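Q: One structure, as structure tokens, below. Some questions next.
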Amino acid sequence: MILVFVLGARVSRPIAFAPATTSRIEVKPTPNVLLAIRELSRLETESYHMERVIELTDEQTKLYGLLKARDAVLLVAVGDVIAGVDMKKLRDEDVATDWPTRGVKITLPAPEVLSATLDNAKTHVFSRNTDLLATRKEELEGLARAEAEASMKKAALDQQLLDRARASAERAVTALLRSLGFERIEIAWASK
């Protein structure tokens, strides 16, 4: 009787089965290596947030061209292109002040793309297909990421990112100089 009660109590609980497959990601810590320290003197004035879909395909031939195979990746890339002025390029002779009239003339360095980077948290491989006879190229995703950054930069430049960066920089520098007490402000731009 006690045995039936114990078995009945065991069977009445739900039985938990182990999952058919498991996956565990383990990160092994390695030492940090400092490669460089740079002083940044950038006036970031415009940022474009962009998305691109990049499809890269490696067409391969086997058996002297009799068989064709392919390795392909479809990458959904999300990133930012930032433009502005590198103030480190500003020289002493680029600033002329006239204190009695409260005037200043400044020649700013030409605006440029300061960075074009992918957001790794949002960029992902949508699909990866390698034909049975194809050789899988592990660098294909890296090439797709590089192409995404380059194409985002080009698209931002095509949409007049540098013109917008120039106008924003003029407003920012004018406001800064006015806050320092200058009344006559002349801004010029250096050639590229």
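The values are calculated or read from the model by the stated rules, or taken from the named source; none is laboratory data. Since we're looking at a predicted model, the values are computed, not measured. When we count neighbours, we look across all protein chains shown, and the Cβ atoms used for this are built from the backbone with ideal geometry, even at glycine.
Q: Taking ALA156, is it out of contact with any helix residue (DSSP H, G or I) (no Cβ under 8 Å at 6 or more places or on another chain), of a type in the set (A, V, I, L, M) and under 30 Å from LEU90 (Cα atoms)?
A: Spelling it out, ALA156 is indeed out of contact with any helix residue (DSSP H, G or I) (no Cβ under 8 Å at 6 or more places or on another chain), of a type in the set (A, V, I, L, M) and under 30 Å from LEU90 (Cα atoms).
Q: Does the stretch 62-95 hold any residues that are in a strand (DSSP E or B) and exposed (fewer than 12 other Cβ atoms within 10 Å of the Cβ), and which are they?
A: Scanning the stretch 62-95 gives no hits.
Q: Can I ask one more? Would you point out the residue of the stretch 11-49, among those that are surrounded by 10 or more Cβ atoms within 10 Å (Cβ to Cβ) and among the small types (Gly, Ala, Ser), that is modelled with the highest pLDDT?
A: Restricting to residues being surrounded by 10 or more Cβ atoms within 10 Å (Cβ to Cβ) and among the small types (Gly, Ala, Ser), the top hit is SER47.
Q: Which members of the stretch 111-132 meet the condition of being part of a loop (DSSP other than H, G, I, E, B), modelled with pLDDT under 95 and surrounded by 13 or more Cβ atoms within 10 Å (Cβ to Cβ)?
A: ASP131
Q: Looking only at the stretch 170-191, decide whether some residue is within 21 Å of GLY79 (Cα to Cα), in a helix (DSSP H, G or I) and without any contact (Cβ under 8 Å) to a residue 60 or more places away in the chain.
A: Checked the stretch 170-191: no residue is within 21 Å of GLY79 (Cα to Cα), in a helix (DSSP H, G or I) and without any contact (Cβ under 8 Å) to a residue 60 or more places away in the chain.
Q: Then there's this: State yes or no: is LEU140 touching a Lys or Arg at 6+ places or on another chain (Cβ under 7 Å), surrounded by 13 or more Cβ atoms within 10 Å (Cβ to Cβ) and of a type in the set (A, V, I, L, M, F, W, C)?
A: When the stated conditions are applied, LEU140 does not pass them.
Q: Just need a number here: residues in the stretch 62-80 that are closer than 15 Å to THR135 by Cα and touching a residue at least 40 places away in the same chain (Cβ under 8 Å).
A: 7
Q: Spot the failing condition for THR45; the list is (1) among the hydroxyl-bearing types (Ser, Thr, Tyr); (2) touching a Ser or Thr at 6+ places or on another chain (Cβ under 8 Å); (3) not in a strand (DSSP E or B), and only one is missed.
A: Status for THR45: all satisfied but (3).
Q: For a quick check of your reading of the model, give me the residue pairs whose first member lies in the stretch 39-61 and is more than 30 Å from LEU90 (Cβ to Cβ), whose second is of a type in the set (Asp, Glu) and assigned to a strand (DSSP E or B), with beta-carbon atoms closer than 6 Å and at least 6 apart or on different chains.
A: Correct list of pairs: ASP58/ASP71.
Q: Only one of SER168, SER191 is among the hydroxyl-bearing types (Ser, Thr, Tyr), surrounded by 12 or more Cβ atoms within 10 Å (Cβ to Cβ) and within 28 Å of the chain's Cα centre (by Cα); which?
A: Answer to the selection: SER168.
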